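Report on the following structure.
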Amino acid sequence: MHDYVIFLHAVDAQTARSAAVIRDHCAHLDRLDAEGRLIAAGPFADSEAGGLIVGSFPDLQQAVAFAQSDPFVKRGYSRAQVRRWEWSYPENGHLGIVDPFPGSHPRFLNSLHLRATTRHFSPRPIAHELVELLVAAALAAPSEFNLQPWRPVVCHSSTDRQRLQRCCRDQVQVSAAALAVVCAVDPRVFEDQAPRAADELILHGERSPEQRDETIAFIRSCFVNPQDSAIRNGTIFGHQLLLAGLSRGLAGFWLGGFDQDALHQEFGLPTRAIIAGVIGLGWPSELNHPRPRHTMEQLVGWGHWPGA
Ligand SMILES: Cc1cc2nc3c(=O)[nH]c(=O)nc-3n(C[C@H](O)[C@H](O)[C@H](O)COP(=O)(O)O)c2cc1C
């Protein structure tokens with residue numbers, strides 16, 4: 001996929017645009033948006049009529065085809081000009097910085113709405129290099145005091161995924177996915193690595209060296225219920241892994257239906273290890289539509305318990 005800019009230059013600015021053609025033009029854009037490929041669109045707001053569309057297309061031909069099938073162009077209101085375009089990021093060597101946060105991307109929000117649990121996959125494997133990229137992205141997740149208590153067990157080979165499936169109530173999606181990861185957490189980290197976490201805070205000037213002992217005690221006091229903390233931190237890791245996969249065209253699932261004891265035994269996890277869940281990822285063989293959600297009014301309270 002590449003990004004393209006489509007300039008719609010007004011051919012006949014005098015004739016009023018009919019409401020039906022404007023509606024069709026919007027529907028044309030909506031279809032691109034529904035596939036998560038519309039980056040920006042809107043009319044020019046100065047004296048020259050026309051508009052701009054920025055979208056992602058596999059190649060120039062398909063970008064041109066999209067532009068030519070725009071109802072404004074078909075109706076003769078506009079002439080389309082298509083240019084290949086790239087975001088400016090520090091990472092891609094362009095000098096300009098579009099946004100102060102280089103990780104922002106307008107399609108990211110849309111991707112969150114398009115995600116749907118997927119349990120059927122093509123047999124195509126995920127290259128080891130990509131698995132490493134995804135796991136590295138998951139390890140960039142936030143954790144309490146940056147303690148990084150995750151100890152994931154990556155099941156990439158078919159044998160490992162089958163071993164895992166047997167610990168997951170034999171749910172077949174586990175071995176069908178090209179990658180499955182047990183999101184395990186070592187709660188001992190909360191106790192043992194509190195001094196290191198305190199030193200990190202001191203290093204970054206958030207605490208003074210004199211406050212080291214009280215900071216260590218404070219950090220430990222935040223983990224009175226290590227089970228809860230382990231699940232919390234492990235879940236964040238897992239979901240970051242799932243979203244990292246989506247960013248590369250993979251689809252997958254969360255799985256909570258597993259047998260803790262069987263998993264501990266099969267993969268040699270220490271008794272103290274806590275498992276937040278299992279994530280599966282693969283190349284989808286089905287396109288699932290996002291499942292319905294309750295309304296914001298039903299679920300969200302603004303300054304009070306929802307519905308109270
Ligand atoms: C923590 C968690 C555990 C889940 N466990 C299972 C599971 O064991 N088996 C399964 O088929 N789906 C499992 N799911 C998937 C849910 O059924 C699915 O997320 C839900 O139906 C909403 O669908 P969506 O993810 O497509 O929006 C789990 C989801 C979550 C978040």
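The values are calculated or read from the model by the stated rules, or taken from the named source; none is laboratory data. Note that this is a predicted model, so its numbers are computed, not measured. For neighbour counting, all protein chains shown are included, and Cβ atoms are generated from backbone atoms with ideal geometry for every residue, glycine included. Surface areas here come from the heavy atoms of the whole protein model, side chains and all, with no ligands, DNA or RNA. Shrake-Rupley method; radii C 1.70, N 1.55, O 1.52, S 1.80 Å.
At a threshold of 8 angstrom on Cα-Cα distance, excluding pairs fewer than six apart, so keeping six or more, what relative contact order does the chain reach in percent?
Once normalised by length, the contact order is 19 percent.
Give me the distance between the Cα centres of region 272-286 and region 48-85, rounded to whole Å.
Distance between centres, Cα-based: 40 Å.
In a GNM of the chain with a 10 Å cut-off on Cα contacts, which of H25, H113, H204 has the highest mean-square fluctuation?
Looking only at H25, H113, H204, the biggest GNM fluctuation is shown by H204.
Using the Cα atoms of region 2-85 to build a convex hull, what is its mean projected area in square nanometres?
That works out to 5.1 nm², a quarter of the Cα hull's surface.
What three numbers, in Å, describe the spread of the alpha carbons of the chain along their principal axes, ordered from the longest?
75, 52, 50
In whole percent, and with a 1.4 Å probe on the protein chains, what portion of the accessible area of the chain is carbon and sulfur?
55 percent
Want the number for E200 to R188: 0.36 nm per residue separation, take away the alpha-carbon distance, what's left?
Additional length available on full extension: 2.5 nm.
Work out Dmax and Rg for region 162-268 from the C-alpha atoms and quote the Rg first, both in angstrom.
Calculated on Cα positions, Rg and Dmax stand at 18.2, 55 Å.
Output the peptides 40-50, 261-271 sorted from most to least packed, where packing is the average of other Cβ atoms within 10 Å over each peptide's residues.
261-271, 40-50
Which order do the peptides 179-188, 76-85 take when ranked by the mean count of other beta-carbon atoms within 10 Å per residue, highest first? Intermediate results must be reported in sequence, preceding the final value.
On the way: 179-188: 24.3, 76-85: 15.9.
So the peptides 179-188, 76-85, ranked by packing, come out 179-188, 76-85.
Working out 0.36 nm times the residue gap between Q62 and V154, then minus their Cα-Cα distance, what length gain in nm do you get to one decimal?
Full extension of this stretch gives 29.3 nm more.
Could I have the simple spin-label model distance between S247 and D170, label points 7 Å from Cα toward Cβ, reported in nm to one decimal?
The modelled label-to-label distance comes out at 3.8 nm.
Take the Cα of R124, step 7 Å along the line toward its Cβ, and report every residue of region 280-302 whose backbone nitrogen sits under 12 Å from that point.
Zone members listed by number: 282-286.
Could you work out the helix-only [θ] at 222 nm for the chain, with each DSSP H run of four or more residues adding -39,500 (n - 2.57) and the total divided by the number of residues, to the nearest 500 deg cm²/dmol?
On the way: 13 runs with 121 residues, N = 308.
That calculation yields -11000 deg cm²/dmol at 222 nm.
Using only alpha carbon pairs under 8 Å that are at least six residues apart, calculate the relative contact order of region 163-226 and give it in whole percent.
After rounding, I find 27 percent.
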